[in-house]
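Working notes for the structure below.
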Amino acid sequence: MAYDRKILAAARRALERDRAARAEEMEARRRDVYARAPRIRAIDRELSSTAAAVLKAALESGGDPEAAITQLRDRNLSLQEERASLLGQLGLPADYLADKPLCPKCGDTGYQGSATCDCVKERYTMLLKEQLSTVLPIQDQNFDKFRLDYYPTRVDSRLGDSPREIMADNLYECRTYAKEFTPHAPNLLFYGSTGLGKTFLSTCIAEEVSARGFSIAYDTAINIIATYETIKFGNGDGEAAAERAARYERADLLIIDDMGTEMGTAFTVSALYNLINSRLMAKRPMIINTNLLPEQLSDKYSPAVASRLRGEFKPLHFVGDDIRLMKKKQR
């Protein structure tokens, strides 16, 4: 899994904030309890000195410290029982003042050995989804909301099946892809006319894959080209562009939307080729959405780009009537 370093750092900062908030909460609890039951403060002070008392007893005995240790242990247990009783009288559980970590696996360090702890991964996933929601409507578009009833049931002789059956197969392919996604999953090419659900199903995949903690980079082909133009020609915020480009190149899954709508210049073709080829070489999966048919790719792009799109991507043909127009008519 390729972690986004900025998001991972933000997840670790979130853990630090949560740990600090927990410490403040525990301090507030202690102040409140000590004010209501001063005897508990005295007990806590005595309990905190037990370890030092045991060590002192061992040193002073000059021999076997077992008797002194047993006596201190009994005293410790007696104090704990009294403390629990006093907390109970306040209507509080015995462990109300126990300073337990938020994460028992790592003790709130964020690490299990040298590995990132699950508590950080959970925060990372949450932040990843928040970032993704700024560019994709993942709250409103998921597999359960994909409606097959928008697609005709009549068999199309050119396709050999009905649009609804074809789209049902596409939905199954996308669900399976999202469920079984790994950083070395295959590449998908969604092609077909506008308004047939290509972006919708891309969003569904992105939502489910990001929920499993994988990093997603999503953008339109036009924006991707603009990013690389900024880097090459210095006509904008180069630092922000470099950061976006790094996400395109390193994310576990890259989704390129509306490919084919960008200007067909030599630079455009070169930039897309370099991005697609570098990810193919690194075996980092992509989903590309385009209104172009496979046979039109060679007309729009170089033979090298067209060859990779047709040879390294699994094609899913989106068919039917423009759903956006249908929804507009319904409104």
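Would you please state the base-10 log of I(q)/I(0) at q = 0.11, 0.13, 0.14 1/Å for the stretch 181-331, with intensities from the Debye formula using one equal scatterer on every alpha carbon? The calculated log intensity ratios at q = 0.11, 0.13, 0.14 Å⁻¹ are -0.43, -0.60, -0.69.
Close amide H contacts of Gln112 (hydrogens built in the peptide plane, cut-off under 5 Å, sequence separation of 5 or more or a different chain): Cys117. Put +1 on the Cβ of each Lys and Arg and -1 on the Cβ of each Asp and Glu in the stretch 73-160; which of Gly160, Leu77, Leu102 then has its Cα farthest toward the positive end of the dipole? Checked the options; the winner is Gly160.
Remark: C-alpha extents of the stretch 143-252 on the principal axes read 53, 29, 23 Å, sorted largest to smallest. Summed over qualifying helices (DSSP H, 4 residues or more, each -39500 (n - 2.57)) and divided by its residue number, the chain shows a 222 nm mean residue ellipticity of -18500 deg cm²/dmol.
In summary, the stretch 74-171 shows an alpha-carbon radius of gyration equal to 2.22 times the 2.2 N^0.38 Å reference for compact globular proteins. Computed from label points 7 Å out along Cα-Cβ, the spacing between Ser114 and Ser48 is 3.7 nm. Strictly over 30 Å apart at the Cα level, which of Lys6/Lys179; Lys105/Lys314; Lys6/Lys314; Lys145/Lys314 would you flag in this model? Violating the 30 Å Cα-Cα cut-off are Lys105/Lys314; Lys6/Lys314. In the chain, taking the dipole from charged Cβ atoms about the Cα centre, the farthest positive-side position among Phe233, Gln89, Thr116 is held by Phe233. In this Cβ point-charge picture (+1 for Lys and Arg, -1 for Asp and Glu), the stretch 208-305 has a dipole of about 360 debye about its Cα centre. Ranking Ala178, Met326, Leu189 by Cα position along the charge dipole of the chain, where only Lys, Arg, Asp and Glu carry charges on their C-beta atoms, puts Met326 farthest toward the positive end. Using only alpha carbons, the chain has a radius of gyration to Kirkwood radius ratio (Rg to Rh) of 1.22. The amide H of Asp161, built 1.01 Å from its N in the peptide plane, has Asp156 as neighbours under 5 Å, considering only residues 5 or more places off or on other chains.
Using a simple charge model, +1 on the beta-carbon of Lys and Arg, -1 on the beta-carbon of Asp and Glu, nothing else, what dipole does the chain show about its Cα centre, in debye to the nearest 20?
340
Considering only Cα atoms, the convex hull volume of the stretch 202-251 works out to 71 Å³ per residue. Model label sites at Ser157 and Ala67, defined 7 Å from Cα along the beta-carbon direction, differ in position by 10.8 nm.
If you fit an axis through the alpha-carbon atoms of helix 238-250 and take the longest principal axis of the Cα set of the chain, what angle between them do you get, 0 to 90°, nearest 10? For helix 238-250, the angle is close to 90 degrees.
Could you give the size of the charge dipole of the stretch 261-329 about its Cα centre, using +1 on the Cβ of each K and R and -1 on the Cβ of each D and E, expressed in debye and rounded to the nearest 20? Walk me through the numbers before you get to the answer.
Details: 11 positive and 6 negative charges, 70 e Å.
Its charge dipole is roughly 340 debye.
Rounded if a/c is under 1.5, else prolate if a/b is larger than b/c, else oblate: which is the stretch 230-294, with a ≥ b ≥ c the root eigenvalues of its Cα gyration tensor? Oblate, because a/c is 1.5 or more while a/b does not exceed b/c.
Every read-out reported here was derived from the displayed coordinates using simple, explicitly stated rules and does not represent laboratory data. The structure displayed is predicted, hence computed values, not measured ones. Note that we place each Cβ from the backbone using ideal geometry, even for glycine, and neighbour counts take in every protein chain shown.
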